[in-house]
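Each remark here refers to the structure printed beneath this line.
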Amino acid sequence: MTAKKKQKRMAILANQSYGLYFGEVLSFDKKNKVATVANCRHVCHWQGRTGGITSLAAYGLCGPKAGESRIGAPCSRSTLSGIVNIFDCTPEAAATIEAAVAT
């Protein structure tokens, strides 16, 4: 019997003060609204296909102004509190955010 490799859960996380973060969700405590995230990056500003957080999770950074997006450098491990939404990213969207130069 072989164990299945757990797929990484790459997501956009939103907290109560409207901060947006991107990274691999390692755990989420629904009761206390606390997430542990690997390679966490702050999403300061982004340019995407149609606007909105769900479009960021679906398409990532794209369009003629994608280079104007402001994404922070990755932090190896973060604990985020006050999480109100988690939007799972498509592999394509995650790749565009991971490729963004930290600003």
Across the chain, how many lysine pairs, 8 or more positions apart or on different chains, have C-alpha atoms separated by under 26 Å? Please give the number.
-> 8
Whole number please: convex hull volume per residue of the Cα set in region 43-103, in Å³?
-> 90 Å³
Amide H within-cut-off set for residue 9, under 5 Å, with H built and near neighbours excluded = 25
Mind checking Rg over Rh on region 8-84, alpha carbons, Kirkwood formula for Rh?
-> 0.98
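Read-outs throughout are calculated quantities, based only on the coordinates presented, and are distinct from any laboratory measurement. All of these numbers come straight from a predicted model, not from anything done at the bench.
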